[in-house]
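Colleague: Before I ask anything, here is the structure I am working with.
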Amino acid sequence: WKQPVFSALDLGGVKVNREDVVRDDPTNNVPDNIFSKLGVQLHRRDQHPLGILKNAIYQYFDENYSNKFNKFDDLSPIVSVKENFDDVLVPEDHVSRSYNDTYYVDPQTVLRCHTSAHQAELLRSGNTHFLVTGDVYRRDSIDSTHYPVFHQMEGFRVFVPEEWEASEMDGTSFAAADLKKCLEGLARHLFGAVEMRWVDTYFPFTNPSFELEIYFKEKWMEVLGCGVTEQEILKRNGQPNNVAWAFGLGLERLAMVLFDIPDIRLFWSNDERFTSQFSAGQLGVKFKPFSKYPPCYKDISFWINESFTENNLCELVRGIAGDLVEEVQLIDDFTNKKGMTSHCYRIAYRSMERSLTDDEINDLQWKVRDQVQSKLNVVLR
Ligand code: FA5
Ligand code: MG
């Protein structure tokens, strides 16, 4: 399963060396399997589901807005902490800043965890209508809709006072209404009829803030976050009298609905049985699964310590099993009279491309058991 790890790669004309991004020191937490995804840029392949989706969204904006949205899809994913967090008002103590949630190259540099990292710089350089597509990186849980590298498209639109003054609404209500109309129209453009709902939420950079969920495979799946941009961001970046909306689409989640793709790992597959099913410009295609290979479940139980986190466990398992791991699920959690807490996780192994042998799975599970003890310092039960 392992992708080759190159010693250097090219990010939009800038050469990046492996040893600058993957280092064995405590200020760096980028593993090789993440480094190997940098520069792949699935969203720039016109015949890949993510590229097809990106182009379909471009088409929607081109057709519906006379005011052209500037499009960016080649901005480097290696950004400063300032761009990723400070510029979008993420509080100093927000969990998303932790080494548990974000990949740090060094204390001032991260792999962007969202395309919102580019809002401020693009506003400053005079953009008022823009779309930014890119690969984003997060330490996260493992299941069919979560992957540590995924793709987002940021949308941003600035309004000048004349635009809302004609409406008898205040600027914020006007922008919020326009935003929902825009995204509902996009959903109809992509899916036709689909069951969806708005959920109120919180982001540091928007107020009010919303998420859109789509009903997919018997569950509500969150596909995007959005809201009316905090005035402070506009003020700091040369737009003090205006209002704006912004959104961040989860491209894999939308593509899963659009093409009926059941598992997020498939986007990374080079298997021709996957890649040959899609072609540039074709939205109507439904993916025909070729993998009916059975999953294999292995449980692991241990006493946790204070430093244990689920993201650390997931990264360890991903590092050993790569895309052969389908899900890591906490199935039991209890604390005994002495105050010791035990967790039991169920790991589902399944290849998208072939049957796995018992030996192969047992070998993976032994490595997991071994490294859980040696690297996470937990006590197996
Ligand atoms: C954000 O990242 C905000 N920056 C979005 C935003 C932009 C809000 C502008 C307001 C204004 P969130 O963390 O919810 O929000 O992620 C956005 C989307 O990315 C989610 O709705 C989901 O579709 C997708 N996503 C999040 N985590 C993962 C993951 N691990 N794997 C795949 N997709 C993911
Ligand atoms: Mg969210």
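Colleague: Roughly what would the spin-label model give for Ser66 and Trp220, points 7 Å off Cα along C-beta, in nm?
Modeller: Distance between the two pseudo-spin positions: 3.8 nm.
Colleague: Starting from the Cα of Lys337, draw a straight line to each of the lysines and keep only those under 17 Å, dropping any in the same chain fewer than 8 residues away.
Modeller: none
Colleague: Whole Å is fine, so just give me how far the alpha carbon centre of the stretch 159-221 lies from that of the stretch 250-304.
Modeller: 28
Colleague: Under DSSP H, which helices of the chain have Cα atoms covering 15 Å or more of the helix axis and a Kyte-Doolittle average no less than 0.0?
Modeller: Membrane-span-like by this rule: 171-191, 310-321.
Colleague: For the pairs Lys37/Lys82; Lys54/Lys286; Lys217/Lys288; Lys68/Lys181, note any where the Cα-Cα span goes beyond 20 Å.
Modeller: Checking Cα-Cα distances, Lys37/Lys82 exceed 20 Å.
Colleague: Using the Cα atoms of the chain to build a convex hull, what is its mean projected area in square nanometres?
Modeller: Over all viewing directions, the chain projects a mean Cα-hull area of 20.5 nm².
Colleague: Under 25 Å from the Cα of Lys338, which lysines turn up, not counting those fewer than eight places away in the same chain?
Modeller: Reachable lysines: Lys375.
Colleague: Would you mind ranking Glu154, Glu306 by Cβ crowding within 10 Å, fewest neighbours first?
Modeller: With the sparsest Cβ surroundings first, the list reads Glu306, Glu154.
Colleague: Taking amide hydrogens as modeled 1.01 Å from N in the peptide plane, which residues meet the under 5 Å criterion relative to Leu11, leaving out close sequence neighbours?
Modeller: Excluding prolines and chain starts, which carry no amide H, the hits are Val16.
Colleague: Among Leu212, Gly39, Leu364, pick out the residue whose Cα is farthest towards the positive end of the charge dipole of the chain, where Lys and Arg carry +1 and Asp and Glu carry -1 on C-beta, about the Cα centre.
Modeller: Leu364
Colleague: ³J(HN,Hα) across the stretch 14-29 via Karplus (A = 6.51, B = -1.76, C = 1.60, θ = phi - 60°), whole Hz, x for Gly/Pro?
Modeller: With the stated coefficients, the stretch 14-29 comes to 9, 7, 10, 8, 3, 5, 7, 10, 10, 10, 8, 9, x, 8, 10, 9 Hz.
Colleague: If you rank Val30, Val88 by fewest surrounding Cβ atoms within 10 Å, what's the result?
Modeller: Lowest to highest Cβ neighbour count: Val30, Val88.
Colleague: Taking amide hydrogens as modeled 1.01 Å from N in the peptide plane, which residues meet the under 5 Å criterion relative to Phe210, leaving out close sequence neighbours?
Modeller: Counting only residues 5 or more places away or on other chains, the set is Thr201, Cys226, Gly227.
Colleague: Something else about it: Using the Karplus equation 6.51 cos²θ - 1.76 cosθ + 1.60 (θ = phi - 60°), what ³J(HN,Hα) coupling, rounded to whole Hz, does each residue of the stretch 193-204 give in order, writing x for Gly and Pro?
Modeller: Residue by residue, the stretch 193-204 yields 7, 8, 7, 9, 8, 8, 10, 6, 8, 10, 10, x Hz.
Here, each number is a calculation from the coordinates, and none is a lab measurement. Bear in mind the structure is a predicted one, so any value in this text is a computation, not a measurement. Reconstructed Cβ throughout: ideal geometry from the backbone, glycine too, with neighbour counts over all protein chains shown.
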